[in-house]
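Some notes on the structure that comes next.
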Amino acid sequence: MIRSMTGFATKSGALPPHSWSWEMRAVNGKGLDLRIRVPDWIPGLEAGLRKAATACIARGNVTLGLRVVREEGGGGLAVNDAQLATVLEALARIEMAAMDAGVSLAPSKATDIVTMRGVLEQAAVEDDNTALAEALLAQFGDVLEDFNTMRSAEGAALGQVLRDQLAQISDLTEKAGALATARDSQNVQTLKRNLARVLDNTDGIDPDRIAAELALIAVKSDITEEIDRLRAHVTAAQTLMDSAGPVGRKLDFLMQEFNREANTLCAKSQNSDLTQVGLALKAVIDQLREQVQNVE
């Protein structure tokens, strides 16, 4: 199955006091370039995400981002025992000094003490970041599924384009084969007439040399192998598209082979109609090559 390299997915979730949002996107690339941006205070998260992603993505420039937000105020208030002891000790000393000096002080109230700096403070919350990491890794499977679903949908449309272009290449290859057969028949008659004219006006020509030259001309203009290889390449491309797993690299290599045969066909054509077909082949092959750049 053909799958596109481009894709996009978003998802959000929560595990109180944390909430988060994912964003995953990809564009074309020669290989797999995976860039992950996640909070570094969550243990083992990046390594787990990378392992999961590389297991089901073969090619593309992929960016994965995760934003985690923690709700404030979830820890409540707590008394700082050390600070409270310091404050009470100071108050006792102050009261003793006042008594010695004959100064009367108003009794201290608890509400007065808790308002002193550092006595009452926000309670620290010990986050279970391991549980958070497990929840994130579990949900990342859904992110990957959405991401690859989009790439598969784009790949289905892309696959139809590729099949249509392969069908054009197949038709042009058969047309080139038919034109080559007609051209060869005409060339044989032309060579016979020219040979007869030469033999009538020349004495002492070595018949073996003439036969060798004619054979060389025939070999240089023969495109049977190019036609056969183009047919084989079309079959190979169709087989790759029906196979499981990433096939973009193999198709990319096959495009080079297609182009090589089309170039050779044009060079050997020696016929305007056949040259036109060869140029049409090159144009479709170039279009096919551009589309293959999108295949994973």
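Values quoted throughout were computed directly from the atomic coordinates according to the rules given, and no laboratory measurement underlies them. None of the values given here were measured: they were computed from a predicted structure. Here the Cβ positions follow ideal geometry from the backbone for every residue, glycine too, while neighbour counts run over all protein chains shown.
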Legend entry - Those residues of the range 45-74 whose amide nitrogen sits under 15 Å from the label point placed on residue 10, 7 Å along Cα→Cβ: 64-68
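Tell me, 24, 96 in order of fewest to most beta-carbon neighbours within 10 Å? Present the calculation step by step, with values, prior to reporting the outcome.
On the way: 24 24, 96 10.
Fewest to most other Cβ atoms nearby, the residues stand as 96, 24.
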Legend entry - residue 69 paired with residue 260, simple spin-label distance in nm, labels 7 Å along Cα-to-beta-carbon: 5.7 nm
Legend entry - Net length gained if the chain between residue 52 and residue 238 were fully extended (0.36 nm per residue, minus Cα distance): 63.9 nm
Inset, instruction - Based on other C-beta atoms within 10 Å, arrange 253, 147 from fewest to most. - result: 253, 147
Legend entry - Ascending count of other beta-carbon atoms within 10 Å, so fewest first, for 158, 230: 158, 230
Inset, instruction - Provide the FRET efficiency to the nearest 0.05 for the residue 138-residue 106 pair, computing r from the beta carbons and using R0 = 45 Å. - result: 0.15
Inset, instruction - Apply the Karplus parameterisation 6.51 cos²θ - 1.76 cosθ + 1.60, with θ equal to phi minus 60°, to every residue of the range 103-115 and state each ³J(HN,Hα) to the nearest whole Hz, in sequence, with x for glycine and proline. - result: 9, 8, 10, 6, x, 6, 9, 4, 5, 6, 6, 5, 7
Legend entry - Pairs beyond 18 Å (Cα-Cα), from 30/51; 175/282; 30/282: 30/51; 30/282
Legend entry - Förster-model FRET efficiency, 25 Å R0, residue 23 and residue 160, C-beta, rounded to 0.05: 0.30
